[in-house]
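The values are calculated or read from the model by the stated rules, or taken from the named source; none is laboratory data. Keep in mind that what you see is a predicted model, and the values were worked out from it rather than measured. Neighbour counts are summed over all protein chains in view; Cβ atoms, including those assigned to glycine, are modelled from backbone coordinates with ideal geometry. Heavy atoms of the whole protein, side chains included, go into the accessibility calculation; ligands, DNA and RNA do not. Shrake-Rupley method; radii C 1.70, N 1.55, O 1.52, S 1.80 Å.
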There are 2 protein chains.
Amino acid sequence: MSEQRKPLSIGSVEIEDDFWRQRREVNREKTIEYQYQQLRESGTLENFRRASEGESGGHNGMWFQDSDAYKWLEAASYVLATRDDPELRERVEEVIELVGAAQEEDGYLNTYFALEEPEKRWTNLNMMHELYCAGHLIEAAVAHHRATGETSLLAVATDLADHIDRTFEDDVDGAPGHQEIELALMELADVTDEERYRDLAQYFVDIRGHNDRLAWEFANIEEIAGYDPDDDEGGIAGQAVNVFLEDGEYDGSYAQAHAPLREQETVEGHSVRAMYYFAGATDVAVETGDDDLLQHLDLLWRNMTEKRMYVTGGIGSQHVGERFTTDYDLPNDTAYAETCAAIGSIFWNQRLFEETGESKYVDLIERQLYNATLVGVSLDGTEFFYDNVLESDGSHDREGWFECACCPPNIARLIASLERYLYAVDDDGLYVNQYVSGTATPTIDGTTATVTQTTDFPWEGTVELDVETPEEAEFAVRLRVPEWCTDVSVSVNGTSVAVDADEDYVTLDRVWDDDRITAEFEMDVQVLEAHPEVEADSGRVALQRGPLVYCVEGVDNDRPLHQYAIDPETEFDVTYREDLLDGVATLDATATVPAKDGWDGELYRSADETDETTAPITAVPYYAWNNRGPNRMQVWIREA
Amino acid sequence: MSEQRKPLSIGSVEIEDDFWRQRREVNREKTIEYQYQQLRESGTLENFRRASEGESGGHNGMWFQDSDAYKWLEAASYVLATRDDPELRERVEEVIELVGAAQEEDGYLNTYFALEEPEKRWTNLNMMHELYCAGHLIEAAVAHHRATGETSLLAVATDLADHIDRTFEDDVDGAPGHQEIELALMELADVTDEERYRDLAQYFVDIRGHNDRLAWEFANIEEIAGYDPDDDEGGIAGQAVNVFLEDGEYDGSYAQAHAPLREQETVEGHSVRAMYYFAGATDVAVETGDDDLLQHLDLLWRNMTEKRMYVTGGIGSQHVGERFTTDYDLPNDTAYAETCAAIGSIFWNQRLFEETGESKYVDLIERQLYNATLVGVSLDGTEFFYDNVLESDGSHDREGWFECACCPPNIARLIASLERYLYAVDDDGLYVNQYVSGTATPTIDGTTATVTQTTDFPWEGTVELDVETPEEAEFAVRLRVPEWCTDVSVSVNGTSVAVDADEDYVTLDRVWDDDRITAEFEMDVQVLEAHPEVEADSGRVALQRGPLVYCVEGVDNDRPLHQYAIDPETEFDVTYREDLLDGVATLDATATVPAKDGWDGELYRSADETDETTAPITAVPYYAWNNRGPNRMQVWIREA
């Protein structure tokens, strides 16, 4: 792809970070291992084996379950890109073999149709997710190829992509019910340099909202394996049916098919679909030089970030339809904020940054990474949130797996590919986008530098960067000034550089050789308020320090959480506690609480009798909540 | 019954009150008329006709639909007690004739069983509501007899009561699934002086929670006419099934059958059932001199009023089970606060007052009458709330009728019998319990006085009472000092009397002849707060003036309601507006609201940038809301 900025490849970045090392070790040793076992136990791998052996019937799980295996392959491939892990490599090869064996003569590959309804291929694009599964296969294949140089899975992916290309040229016309193929085909084009894949991606982006076949059809929903009309809460089919039934006549907005993309003025519908769509559309817009489309995507971005996003970066306000609703409708206790949607947004924002170089997209990646995404997995790596509320009465709890298990492998692949989001290069120099300790070896204008970053982010705002080049070389090093940072100071080799915290990036354009950059990003505790139109946050404040949004949990606080009120002027003690929640900085302060005495059996009384007192309050990072059992929780606390 | 205090009969009180005359005229001319048409259209009267003609099958509506006719008869009888209305009298007689004709040889009377399952009489006390219907027939008969002196309906009721007495003596053992028969039998005993009915009432009160047959049985629920398992939201059967399914093993608390009454420490379960039960149990406790039971009922009363009641007097916190939940669980937007439950509480509290003379019970009657009950009917008398939320996003709207139409005729009978709640007498004198203009003719120790009350309650706190006696007579006149009143002054014939607002009653014990009492009950606007444990009201205040709880409605206020915040010290302008909502006093003040500008596309920002401004806010009485179309509404407003 021809973006202006390219992220460093996974192999060019080594992460040696206290905070992320833990999360990535857990991801590698627990989550990816655990998910492989789930692929076995859920029958997902068995589906491939049976399809390859020409069996019929008995498909296990959801009809798009193949994608679980593909996302696992993608995550495992990212791990293999940075580590020699023979056992994991063997497993990856075993799964690739199973997948390849299930591919049909003509390149088609989908175990649900192979086992259940071979004659119905490509007859229900809206519900049956053949293109969604194909997209995840392609992403896995690209990741595997980049990680290992091998083409075993890439060959399967190109055969399938070629089959799709032929099919949509000759026989079928329409867009998928769940976007994913668009961005995947753009990745495949990038690896193979095949223009046809870009054209096909563009076709899928452009036809959506134009084609009559996109009208949602549920005619054969009850024939779909895995859909039990009496137990439809967890399933996508059930969700879709609920959306359909609730709204009567379905208008297509659930899948962003209510209008052509260029005519959509607000982010609508199923949030994960929207993010994958916009990511793919950004790729296409960049590739075709379609500035109008890019500007239109930024308009949608602004609608999302200015009116339809939780402070955590979570998106999607309601369970029914897992979707965006209306401007400023952001209920906390019934928030959906699906983990996959935050991850999809990171994919989209990375593309927007690569094209524009604007830090606002990277700021959002940081917010969604540390909050809306990381909360989706338990500290031990084996339990997951699908939806991420910002307030809980104690009934919200992570689960080991889901009938529709999209989120767990999605987190796994994101955490395993964190390297891609830290640095980028363009012709002029280096972007340091995220502050994570480790070593990067970017090549800028022919010079490969070694950049060693040392920081205690997200707990401390100090960042040291040692820049070494084989010989003197002139290029720019751009340090992102996070949106939450109100004061920044930077020095090079001990000499202060004039900087302005309002800048998006501090740009150090000089000749480098063996130099040390030291940056101090002030990490105040920020007491945030929401826009007055947000009813759910009215009269409330949220706490943020650095990139981390905080919350109060019942286990840390004696009073019912609703009784605490915080003055925006409150001073907070920031204490790093190694023994707590794998090590977190807590925020401790004195809050206002109602006096308990003087009520004498009254339930209501004159408010001028109000007697207030104070009580200590402790907040922990939002991502770490619900790791000490079910627990009351609030992000938004009453303002005193 | 042998209570210490007796309410004046309906015929001894003539209401000539600006506020209540409107409500009672609408009740008489619109509501009772409209409900008669509903009895025809819903097939309720047709059920009696068909049963009387020996037809089989085709019962219309809910299996307890007979009770709608009985409650209508009761309401209409109260009207006939004070007015000569030949047309209404004819209708009443026509309905009584239909009812009587449907009674079977042995006294049994229930059109559902007559038409559908004659062989299943008395086989499912929990679900089938035969005793509930019988109770309402008895209440109607007592009202009709007292109003007209006739015995046409009373004879039907005594025949049915005798049948029940025989049945429960010989064949059947158990308590009804829905209480009502208990208080009705006590009324019947009062009119007929038949000790057997009291004993039977006591049996039903006492056996509940003791008998194995009270375990909820849903075995034949699907055989019940009117129960459609695919459309169970409105129906009681559906509700009951939902309760059952939600909790798995049903523990009986839904119908207060989880323990014997004397072992229940909290008010539990379906609120209407609880109120009817406690009313009947109070009658029985009084009659049997069971002070322990009376004290236990007061313990339950304290749990209800101190921990489980809305500021409006509404009770029942959740839709599922229409029930009490846990202490301080009082959500506003999902409140149930069923109209019937408030009415049932008035029945119960009247009995507690009659026995104890304590004003706290009358205070609660006032609160529930002006707020939780009156809100249940539209100003035009033809639309009804079943559940009464304290906060609405605009989607809550009164309806013309309900599949389970318990509330509309319940309001009609309460409003038509308002006379009973205004005054009471004991051997020493008169209680003036409610301030309503009109004339009462109480007989105290042999002297019949004429007491003429003149007041503009609930808008103004001045009350004049002219007490005339045929000759000089010494007795006490006790004026209730409402709980909301912080300052009261009283004079007799222009001479001040020393009084204390903390007193429950101002007692004027003197010789009366032709004297004028003038009382001033100060009606400040009260800004109330809820107990700190009530999460839903945390950081919020409610407005009350006199007996009226106020609310803000979207139609009167420019901003979204959540943006207004009120300082407890705020001064309110009280303005009576004749043209608004059939005439109401509005509360107008200046509230704090967030400034709209300075946001520049942000969704979240530092709270220390908070810029506040002011805006006018207007509150209207809660009972009058939703009379200008669907509308956002809040009782609890943020505290500034």
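Side notes on the structure shown:
- Contacts under 8 angstrom Cβ, first residue in region A:563-575 being within 13 Å of chain B (Cβ to nearest Cβ) and among the small types (G, A, S), partner buried (at least 16 other Cβ atoms within 10 Å of the Cβ) and assigned to a strand (DSSP E or B), 6 or more apart: A:A565/A:A591; A:A565/A:T592; A:A565/A:V593; A:A565/A:I637; A:A565/A:R638; A:A565/A:E639
- Any chance B:L352 is open to solvent by less than 10 Å² (accessible area, probe 1.4 Å), closer than 30 Å to B:D428 by Cβ and in the same structural domain as B:V389 (by TED's automatic domain parsing): yes
- Number of residues in region B:348-371 that are within 24 Å of B:R545 (Cβ to Cβ) and charged (D, E, K, R): the value is 4.
- Filter pass, A:Q526 being open to solvent by less than 10 Å² (accessible area, probe 1.4 Å) and within 13 Å of chain B (Cβ to nearest Cβ): no
- Out of B:A595, B:A615, one residue alone is in contact with a Ser or Thr (Cβ under 6 Å, 6 or more places away or on another chain), open to solvent by less than 20 Å² (accessible area, probe 1.4 Å) and within 14 Å of chain A (Cβ to nearest Cβ). It is B:A595.
- When region A:38-54 is filtered for residues that are open to solvent by less than 50 Å² (accessible area, probe 1.4 Å) and under 26 Å from the mean Cα position of the chain (by Cα), the ones remaining, listed by number, are A:Q38, A:L39, A:S42, A:T44, A:L45.
- Residues of region A:55-99 classified as part of a loop (DSSP other than H, G, I, E, B), among the aromatic types (F, W, Y) and open to solvent by 10 Å² or more (accessible area, probe 1.4 Å), total: 1
- Taking the listed residues B:G381, B:G400, the one that is open to solvent by less than 10 Å² (accessible area, probe 1.4 Å) and in contact (Cβ under 8 Å) with a residue 12 or more places away in the chain is B:G381, with no other qualifying.
- A:E520 being at pLDDT 95 or above, among the acidic types (D, E) and farther than 29 Å from A:D567 by Cβ: no
- Of all the numbered requirements in (1) of a type outside the set (D, E); (2) more than 13 Å from chain A (Cβ to nearest Cβ); (3) assigned to a helix (DSSP H, G or I), B:W301 misses one, and that requirement is (2).
- Residues being farther than 23 Å from B:R545 by Cβ and either under 31 Å from the mean Cα position of the chain (by Cα) or assigned to a strand (DSSP E or B) (or both) - total across region B:476-516: 18
- Matching residues in region A:306-339 - criterion: being farther than 24 Å from A:M633 by Cβ and in a helix (DSSP H, G or I): A:E306, A:K307
- Matching option when the condition is in contact (Cβ under 8 Å) with a residue 12 or more places away in the chain and surrounded by fewer than 20 Cβ atoms within 10 Å (Cβ to Cβ), among B:H296, B:H270: B:H296
- Residue within region B:532-541 that is surrounded by fewer than 23 Cβ atoms within 10 Å (Cβ to Cβ), touching a Leu at 6+ places or on another chain (Cβ under 8 Å) and either at pLDDT 95 or above or more than 14 Å from every other protein chain (Cβ to nearest Cβ) (or both) present: yes
Condition check ((1) among the small types (G, A, S); (2) modelled with pLDDT of 95 or more; (3) open to solvent by less than 20 Å² (accessible area, probe 1.4 Å); (4) more than 23 Å from A:A536 (Cα to Cα)) across all residues:
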{"position": "A:V284", "(1), (2), (3), (4)": "no, yes, yes, yes"}
{"position": "A:D292", "(1), (2), (3), (4)": "no, yes, no, yes"}
{"position": "A:G313", "(1), (2), (3), (4)": "yes, yes, yes, no"}
{"position": "A:D329", "(1), (2), (3), (4)": "no, yes, no, no"}
{"position": "A:N332", "(1), (2), (3), (4)": "no, yes, yes, no"}
{"position": "A:Y361", "(1), (2), (3), (4)": "no, yes, yes, yes"}
{"position": "A:V375", "(1), (2), (3), (4)": "no, yes, yes, no"}
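- Number of the condition not met by B:I411 [criteria: (1) farther than 26 Å from B:W72 by Cα; (2) buried (at least 24 other Cβ atoms within 10 Å of the Cβ); (3) β-branched (V, I, T)]: (1)
- As a summary of the residue check, A:V436 satisfies the conditions (1) in a helix (DSSP H, G or I); (2) in the same structural domain as A:V490 (by TED's automatic domain parsing) except for the one numbered (1).
- Residues located in region B:472-504, provided they are in contact with a Leu (Cβ under 8 Å, 6 or more places away or on another chain), within 20 Å of B:T454 (Cβ to Cβ) and not aliphatic (A, V, I, L, M): B:R478
- Test: residue in region B:542-553 that is open to solvent by 10 Å² or more (accessible area, probe 1.4 Å), in contact (Cβ under 8 Å) with a residue 40 or more places away in the chain and under 28 Å from the mean Cα position of the chain (by Cα): yes
- Remark: B:R478 falls outside the filter, which requires a residue to be open to solvent by 30 Å² or more (accessible area, probe 1.4 Å), of a type in the set (K, R) and in the same structural domain as B:D427 (by TED's automatic domain parsing).
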